[in-house]
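J.: I have a structure I would like to understand better, so I am pasting it below and will then ask my questions one at a time.
The values are calculated or read from the model by the stated rules, or taken from the named source; none is laboratory data. These figures come from a predicted structure and were not determined experimentally. Every residue, glycine among them, receives a Cβ derived from its backbone with ideal geometry; neighbour counts consider all protein chains shown. Side chains included, ligands, DNA and RNA excluded: accessible areas come from the protein's heavy atoms. Shrake-Rupley method; radii C 1.70, N 1.55, O 1.52, S 1.80 Å.
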Amino acid sequence: MSENIQITGTRADAAFFRIAELSEFDPAAVLDVLQGRVLGIVFRRVIDSDVLTEFTRRFWDSEALERRGEDAPSFYLGTYQWNKTLDAYLDDCAAVAKQVEQYVEADRSPWRWFRDHLAKELADNGASLRVARSGDREACAALMRAWDAEGEFSLAPHEDTSQCADPRQAGFEVQDVLDHEVCAVNMCLENGNGGRLVMWNVRPDLETRQRLGIVHTGSPYPAAALQEHEEIRVDIQAGDVYVFNGGYVHAVDANHGRRTTLSFLAGFKDDQTVVTWT
(Lines give C-alpha, C1' and ligand atoms only; values in the text may rest on other atoms or scores of the structure.)
Protein backbone atom coordinates (compact mmCIF):
# COMPACT_ATOMS: atom_id res chain seq x y z
CA MET A 1 0.00 0.00 0.00
CA SER A 2 1.24 3.51 -0.84
CA GLU A 3 0.79 4.70 2.77
CA ASN A 4 3.50 2.18 3.80
CA ILE A 5 6.02 3.39 1.24
CA GLN A 6 8.72 5.73 2.48
CA ILE A 7 10.13 8.24 0.02
CA THR A 8 13.78 8.77 0.87
CA GLY A 9 16.40 10.98 -0.70
CA THR A 10 17.97 14.42 -0.43
CA ARG A 11 16.30 17.21 1.52
CA ALA A 12 17.35 20.80 0.98
CA ASP A 13 17.92 23.46 3.63
CA ALA A 14 15.61 26.44 4.07
CA ALA A 15 17.91 28.77 2.14
CA PHE A 16 17.42 26.63 -0.98
CA PHE A 17 13.91 25.24 -0.58
CA ARG A 18 11.90 28.34 -1.47
CA ILE A 19 10.14 29.88 -4.43
CA ALA A 20 11.21 33.49 -4.83
CA GLU A 21 8.80 36.01 -6.39
CA LEU A 22 9.51 39.04 -8.56
CA SER A 23 7.16 41.53 -10.24
CA GLU A 24 9.53 42.09 -13.19
CA PHE A 25 11.38 39.60 -15.33
CA ASP A 26 15.05 39.16 -14.43
CA PRO A 27 17.00 36.49 -16.35
CA ALA A 28 19.72 36.53 -13.69
CA ALA A 29 17.15 34.99 -11.32
CA VAL A 30 16.60 32.19 -13.86
CA LEU A 31 20.33 31.48 -13.70
CA ASP A 32 20.05 31.13 -9.92
CA VAL A 33 17.68 28.20 -10.53
CA LEU A 34 19.67 26.69 -13.40
CA GLN A 35 22.86 26.82 -11.33
CA GLY A 36 21.24 25.25 -8.26
CA ARG A 37 21.24 28.22 -5.88
CA VAL A 38 17.48 28.27 -5.24
CA LEU A 39 14.56 25.90 -5.83
CA GLY A 40 12.52 28.22 -8.01
CA ILE A 41 11.37 31.65 -9.08
CA VAL A 42 8.00 33.11 -10.11
CA PHE A 43 7.80 36.27 -12.19
CA ARG A 44 4.32 37.65 -11.55
CA ARG A 45 2.15 38.79 -14.48
CA VAL A 46 5.04 39.58 -16.81
CA ILE A 47 3.20 38.53 -20.00
CA ASP A 48 0.81 41.14 -21.39
CA SER A 49 -2.90 40.27 -21.34
CA ASP A 50 -3.35 40.68 -25.11
CA VAL A 51 -0.46 38.26 -25.69
CA LEU A 52 -2.09 35.76 -23.33
CA THR A 53 -5.38 36.04 -25.20
CA GLU A 54 -3.76 35.60 -28.61
CA PHE A 55 -1.56 32.63 -27.74
CA THR A 56 -4.28 30.88 -25.76
CA ARG A 57 -6.54 31.18 -28.81
CA ARG A 58 -3.77 29.85 -31.06
CA PHE A 59 -3.38 26.83 -28.82
CA TRP A 60 -7.04 25.83 -28.64
CA ASP A 61 -7.62 26.56 -32.36
CA SER A 62 -4.60 24.57 -33.53
CA GLU A 63 -5.31 21.68 -35.89
CA ALA A 64 -2.26 19.96 -34.35
CA LEU A 65 -3.84 19.77 -30.87
CA GLU A 66 -3.56 16.27 -29.39
CA ARG A 67 -5.10 14.44 -26.43
CA ARG A 68 -2.87 12.66 -23.90
CA GLY A 69 -4.30 9.69 -22.04
CA GLU A 70 -4.33 8.20 -18.58
CA ASP A 71 -0.62 8.65 -17.72
CA ALA A 72 -1.04 12.48 -17.67
CA PRO A 73 -4.46 13.56 -18.99
CA SER A 74 -4.14 16.77 -20.98
CA PHE A 75 -4.52 18.52 -24.29
CA TYR A 76 -1.21 19.41 -25.89
CA LEU A 77 0.55 20.89 -28.89
CA GLY A 78 4.10 19.65 -29.47
CA THR A 79 5.53 16.45 -28.04
CA TYR A 80 7.23 15.08 -24.93
CA GLN A 81 10.31 13.00 -24.13
CA TRP A 82 8.83 11.04 -21.22
CA ASN A 83 8.94 7.23 -21.46
CA LYS A 84 9.92 7.08 -25.14
CA THR A 85 12.85 5.74 -27.09
CA LEU A 86 15.13 8.41 -28.49
CA ASP A 87 14.08 7.67 -32.06
CA ALA A 88 10.40 7.82 -31.15
CA TYR A 89 10.82 11.19 -29.44
CA LEU A 90 12.91 12.71 -32.23
CA ASP A 91 10.52 11.37 -34.88
CA ASP A 92 7.67 13.04 -32.99
CA CYS A 93 9.69 16.26 -32.78
CA ALA A 94 10.21 16.28 -36.54
CA ALA A 95 6.53 15.55 -37.18
CA VAL A 96 5.31 18.54 -35.16
CA ALA A 97 8.21 20.94 -35.82
CA LYS A 98 6.33 23.09 -38.33
CA GLN A 99 3.25 23.53 -36.13
CA VAL A 100 5.36 24.29 -33.06
CA GLU A 101 7.52 26.77 -34.98
CA GLN A 102 4.42 28.62 -36.17
CA TYR A 103 3.39 28.99 -32.54
CA VAL A 104 6.65 29.87 -30.80
CA GLU A 105 8.01 32.12 -33.56
CA ALA A 106 4.78 34.10 -34.00
CA ASP A 107 4.83 37.84 -33.42
CA ARG A 108 5.21 38.69 -29.69
CA SER A 109 5.77 35.05 -28.77
CA PRO A 110 6.42 34.69 -25.02
CA TRP A 111 8.72 31.76 -25.87
CA ARG A 112 10.92 34.00 -28.03
CA TRP A 113 10.77 36.84 -25.50
CA PHE A 114 11.93 34.57 -22.66
CA ARG A 115 14.70 32.92 -24.64
CA ASP A 116 16.06 36.18 -26.07
CA HIS A 117 16.44 37.61 -22.57
CA LEU A 118 17.93 34.43 -21.13
CA ALA A 119 20.31 34.03 -24.09
CA LYS A 120 21.65 37.56 -23.54
CA GLU A 121 22.16 36.89 -19.83
CA LEU A 122 23.98 33.66 -20.62
CA ALA A 123 26.13 35.36 -23.26
CA ASP A 124 27.13 37.99 -20.69
CA ASN A 125 28.30 35.05 -18.54
CA GLY A 126 30.17 33.28 -21.33
CA ALA A 127 27.48 30.70 -22.12
CA SER A 128 24.89 29.99 -24.79
CA LEU A 129 21.32 28.70 -25.15
CA ARG A 130 19.98 26.29 -27.76
CA VAL A 131 17.59 23.40 -28.33
CA ALA A 132 19.04 19.99 -27.36
CA ARG A 133 20.36 17.69 -30.07
CA SER A 134 21.24 14.12 -30.84
CA GLY A 135 23.57 14.18 -33.80
CA ASP A 136 21.93 16.42 -36.38
CA ARG A 137 18.41 15.97 -34.97
CA GLU A 138 16.80 18.48 -32.62
CA ALA A 139 14.42 18.25 -29.69
CA CYS A 140 11.03 19.94 -29.74
CA ALA A 141 11.24 23.66 -29.01
CA ALA A 142 8.24 23.86 -26.68
CA LEU A 143 5.22 21.99 -25.38
CA MET A 144 1.89 23.77 -24.92
CA ARG A 145 -0.48 21.85 -22.67
CA ALA A 146 -3.59 21.99 -20.51
CA TRP A 147 -3.67 19.50 -17.62
CA ASP A 148 -7.11 18.21 -16.71
CA ALA A 149 -6.83 15.01 -14.66
CA GLU A 150 -9.60 14.58 -12.10
CA GLY A 151 -8.98 14.24 -8.40
CA GLU A 152 -6.53 15.80 -5.96
CA PHE A 153 -3.97 16.64 -8.66
CA SER A 154 -4.47 17.70 -12.25
CA LEU A 155 -0.86 16.54 -12.76
CA ALA A 156 0.32 13.79 -10.41
CA PRO A 157 3.43 14.11 -8.19
CA HIS A 158 6.57 13.37 -10.19
CA GLU A 159 10.12 14.57 -10.88
CA ASP A 160 11.88 15.31 -14.15
CA THR A 161 15.35 13.83 -13.74
CA SER A 162 14.58 10.11 -13.95
CA GLN A 163 13.30 10.34 -17.52
CA CYS A 164 16.58 11.95 -18.58
CA ALA A 165 18.51 8.84 -17.54
CA ASP A 166 16.41 6.44 -19.64
CA PRO A 167 18.91 4.07 -21.33
CA ARG A 168 16.66 4.00 -24.39
CA GLN A 169 17.72 7.61 -24.97
CA ALA A 170 21.48 7.03 -24.90
CA GLY A 171 23.22 9.58 -27.10
CA PHE A 172 20.74 12.35 -26.34
CA GLU A 173 22.71 15.23 -24.86
CA VAL A 174 20.06 15.99 -22.23
CA GLN A 175 21.63 13.10 -20.33
CA ASP A 176 24.62 15.39 -19.77
CA VAL A 177 22.30 17.74 -17.86
CA LEU A 178 22.12 15.13 -15.09
CA ASP A 179 25.55 16.37 -14.00
CA HIS A 180 23.92 19.76 -13.40
CA GLU A 181 20.25 20.68 -12.71
CA VAL A 182 17.18 19.68 -14.72
CA CYS A 183 14.82 22.65 -14.56
CA ALA A 184 11.28 23.29 -15.77
CA VAL A 185 10.24 26.53 -17.46
CA ASN A 186 6.52 27.34 -17.56
CA MET A 187 4.60 30.34 -18.89
CA CYS A 188 0.99 30.39 -17.70
CA LEU A 189 -1.39 31.46 -20.47
CA GLU A 190 -4.63 30.90 -18.56
CA ASN A 191 -5.77 29.45 -15.25
CA GLY A 192 -9.16 29.02 -13.64
CA ASN A 193 -9.50 28.20 -9.95
CA GLY A 194 -6.77 26.18 -8.26
CA GLY A 195 -3.98 24.67 -10.30
CA ARG A 196 -1.29 25.57 -7.80
CA LEU A 197 2.29 24.41 -8.20
CA VAL A 198 3.06 21.95 -5.39
CA MET A 199 6.64 21.09 -4.47
CA TRP A 200 7.94 18.70 -1.83
CA ASN A 201 11.32 18.91 -0.16
CA VAL A 202 12.66 15.60 -1.36
CA ARG A 203 14.87 14.60 -4.25
CA PRO A 204 14.14 10.85 -4.35
CA ASP A 205 16.99 8.37 -4.33
CA LEU A 206 17.39 5.32 -6.55
CA GLU A 207 16.11 2.97 -3.85
CA THR A 208 12.81 4.85 -3.68
CA ARG A 209 12.38 4.82 -7.43
CA GLN A 210 13.17 1.10 -7.52
CA ARG A 211 10.56 0.35 -4.85
CA LEU A 212 7.96 2.31 -6.80
CA GLY A 213 8.96 0.88 -10.20
CA ILE A 214 9.62 4.33 -11.69
CA VAL A 215 13.40 4.26 -12.14
CA HIS A 216 13.31 5.82 -15.61
CA THR A 217 9.95 7.60 -15.52
CA GLY A 218 9.92 9.42 -12.17
CA SER A 219 6.13 9.20 -11.99
CA PRO A 220 3.92 8.90 -10.08
CA TYR A 221 4.88 9.34 -6.44
CA PRO A 222 2.05 8.44 -4.02
CA ALA A 223 0.69 11.54 -2.32
CA ALA A 224 0.22 9.74 1.01
CA ALA A 225 3.93 8.94 1.17
CA LEU A 226 4.82 12.59 0.57
CA GLN A 227 2.98 13.89 3.61
CA GLU A 228 6.03 13.61 5.85
CA HIS A 229 7.97 16.00 3.62
CA GLU A 230 7.80 19.78 3.77
CA GLU A 231 5.77 21.23 0.91
CA ILE A 232 5.24 24.54 -0.83
CA ARG A 233 2.03 25.44 -2.69
CA VAL A 234 2.24 28.40 -5.05
CA ASP A 235 -0.72 30.11 -6.67
CA ILE A 236 -0.18 30.43 -10.42
CA GLN A 237 -1.93 33.15 -12.39
CA ALA A 238 -2.26 33.94 -16.07
CA GLY A 239 0.80 35.91 -17.14
CA ASP A 240 3.14 34.31 -14.59
CA VAL A 241 6.43 32.77 -15.70
CA TYR A 242 7.90 30.24 -13.29
CA VAL A 243 11.10 28.22 -13.31
CA PHE A 244 11.98 25.52 -10.80
CA ASN A 245 14.32 22.62 -10.12
CA GLY A 246 12.59 19.54 -11.57
CA GLY A 247 14.64 17.12 -9.51
CA TYR A 248 12.36 17.70 -6.51
CA VAL A 249 8.95 16.03 -6.49
CA HIS A 250 6.28 18.40 -7.77
CA ALA A 251 2.71 18.40 -9.02
CA VAL A 252 -0.19 20.62 -10.09
CA ASP A 253 -3.08 20.47 -7.66
CA ALA A 254 -6.73 20.28 -8.69
CA ASN A 255 -7.95 23.05 -10.97
CA HIS A 256 -11.38 24.05 -12.21
CA GLY A 257 -11.43 25.48 -15.72
CA ARG A 258 -8.59 25.61 -18.18
CA ARG A 259 -4.97 25.75 -17.01
CA THR A 260 -2.78 26.18 -20.08
CA THR A 261 0.98 26.63 -20.11
CA LEU A 262 3.81 27.03 -22.58
CA SER A 263 6.67 24.89 -21.29
CA PHE A 264 10.04 23.25 -21.78
CA LEU A 265 12.83 21.68 -19.73
CA ALA A 266 16.25 23.30 -19.50
CA GLY A 267 19.67 22.76 -18.00
CA PHE A 268 23.41 23.20 -18.40
CA LYS A 269 24.95 20.34 -20.37
CA ASP A 270 28.38 21.79 -19.66
CA ASP A 271 29.70 25.02 -18.19
CA GLN A 272 29.12 26.96 -21.41
CA THR A 273 25.87 25.53 -22.81
CA VAL A 274 22.23 25.47 -21.69
CA VAL A 275 20.02 23.13 -23.71
CA THR A 276 16.24 22.85 -23.77
CA TRP A 277 13.82 20.07 -24.66
CA THR A 278 10.27 18.93 -23.95
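J.: I'd like the full set of residues that are in contact with a Ser or Thr (Cβ under 6 Å, 6 or more places away or on another chain), of a type in the set (Asp, Glu) and closer than 30 Å to residue 108 by Cα, limited to region 189-246.
T.: 190
J.: Just one of the numbered conditions (1) farther than 21 Å from residue 136 by Cβ; (2) touching a Leu at 6+ places or on another chain (Cβ under 7 Å); (3) not basic (Lys, Arg) is not true of residue 82; which one?
T.: So the condition that residue 82 fails would be (2).
J.: Considering region 157-196 alone, what residues qualify as being within 17 Å of residue 81 (Cα to Cα) and either among the small types (Gly, Ala, Ser) or modelled with pLDDT under 95 (or both)?
T.: Result: 162, 165, 170, 171, 184.
J.: Next up: Within the bounds of region 35-58, is there any residue that is part of a loop (DSSP other than H, G, I, E, B), open to solvent by less than 30 Å² (accessible area, probe 1.4 Å), out of contact with any helix residue (DSSP H, G or I) (no Cβ under 7 Å at 6 or more places or on another chain) and modelled with pLDDT under 95?
T.: no
J.: Sticking with this structure for a sec: Here are some conditions: (1) under 17 Å from residue 248 (Cα atoms); (2) open to solvent by 70 Å² or more (accessible area, probe 1.4 Å); (3) not small (Gly, Ala, Ser). Residue 7 meets all but one. Which one does it not meet?
T.: (2)
J.: Among the residues of region 167-180, write down those that are part of a helix (DSSP H, G or I), open to solvent by 10 Å² or more (accessible area, probe 1.4 Å) and out of contact with any strand residue (DSSP E or B) (no Cβ under 7 Å at 6 or more places or on another chain).
T.: Of the residues in region 167-180, the ones part of a helix (DSSP H, G or I) are 167-169, 173-179.
Filter again for open to solvent by 10 Å² or more (accessible area, probe 1.4 Å), leaving 167-168, 173, 175-176, 178-179.
If the condition is that a residue be part of a helix (DSSP H, G or I), open to solvent by 10 Å² or more (accessible area, probe 1.4 Å) and out of contact with any strand residue (DSSP E or B) (no Cβ under 7 Å at 6 or more places or on another chain), then 167, 168, 175, 178, 179 are the ones that fit.
J.: Suppose we filter 187, 199 for residues that are under 28 Å from residue 57 (Cβ atoms) and not in a loop (DSSP other than H, G, I, E, B); which single one remains?
T.: Numbers: 199 fails: under 28 Å from residue 57 (Cβ atoms).
It is 187.
J.: Given the residues 183, 140, 164, which is the only one that is touching a Cys at 6+ places or on another chain (Cβ under 8 Å), closer than 24 Å to residue 92 by Cα and open to solvent by less than 20 Å² (accessible area, probe 1.4 Å)? Break it down into steps so the answer makes sense when it comes.
T.: Values: 183 fails: touching a Cys at 6+ places or on another chain (Cβ under 8 Å); 164 fails: touching a Cys at 6+ places or on another chain (Cβ under 8 Å).
Result: 140 is the single residue among 183, 140, 164 that is touching a Cys at 6+ places or on another chain (Cβ under 8 Å), closer than 24 Å to residue 92 by Cα and open to solvent by less than 20 Å² (accessible area, probe 1.4 Å).
J.: Still on this structure, I have one more. Take residue 150 and decide whether it is of a type outside the set (A, V, I, L, M), within 30 Å of residue 222 (Cα to Cα), out of contact with any strand residue (DSSP E or B) (no Cβ under 7 Å at 6 or more places or on another chain) and open to solvent by 10 Å² or more (accessible area, probe 1.4 Å).
T.: Numbers: of a type outside the set (A, V, I, L, M): yes; within 30 Å of residue 222 (Cα to Cα): yes; out of contact with any strand residue (DSSP E or B) (no Cβ under 7 Å at 6 or more places or on another chain): yes; open to solvent by 10 Å² or more (accessible area, probe 1.4 Å): yes.
It is true that residue 150 is of a type outside the set (A, V, I, L, M), within 30 Å of residue 222 (Cα to Cα), out of contact with any strand residue (DSSP E or B) (no Cβ under 7 Å at 6 or more places or on another chain) and open to solvent by 10 Å² or more (accessible area, probe 1.4 Å).
J.: If you take the residues of region 229-260 that are touching a residue at least 60 places away in the same chain (Cβ under 8 Å) and open to solvent by 40 Å² or more (accessible area, probe 1.4 Å), which of them is nearest to residue 10 (Cα to Cα)? If you could, list the steps in order and put the result at the bottom.
T.: Step one: filter region 229-260 for residues touching a residue at least 60 places away in the same chain (Cβ under 8 Å), giving 229-230, 232, 234, 236-260.
Keeping just the survivors that are open to solvent by 40 Å² or more (accessible area, probe 1.4 Å) gives 230, 237, 256-258.
Values: 230: 12, 237: 30, 256: 33, 257: 35, 258: 34 Å.
Among those residues, the one meeting the criterion is 230.
J.: Applying the selection to region 17-34, what residues are surrounded by fewer than 16 Cβ atoms within 10 Å (Cβ to Cβ) and hydrophobic (A, V, I, L, M, F, W, C)?
T.: Correct list: 20, 22, 28.
J.: While we're looking at this one, here's another question. Is there a residue being farther than 21 Å from residue 245 by Cα, open to solvent by less than 30 Å² (accessible area, probe 1.4 Å) and assigned to a loop (DSSP other than H, G, I, E, B) anywhere in region 107-122?
T.: yes
J.: Another question, if that's okay. Taking the criterion of being under 21 Å from residue 12 (Cβ atoms), without any contact (Cβ under 8 Å) to a residue 12 or more places away in the chain and part of a loop (DSSP other than H, G, I, E, B), would at least one residue in region 204-227 satisfy it?
T.: For region 204-227, residues under 21 Å from residue 12 (Cβ atoms), without any contact (Cβ under 8 Å) to a residue 12 or more places away in the chain and part of a loop (DSSP other than H, G, I, E, B): present.
J.: Considering only region 131-152, state which residues are assigned to a strand (DSSP E or B) and either among the charged types (D, E, K, R) or in contact with a helix residue (DSSP H, G or I) (Cβ under 7 Å, 6 or more places away or on another chain) (or both).
T.: So in region 131-152, the residues assigned to a strand (DSSP E or B) come out as 131, 133-134, 137-138, 143-147.
Matches in region 131-152: 133, 134, 137, 138, 144, 145.
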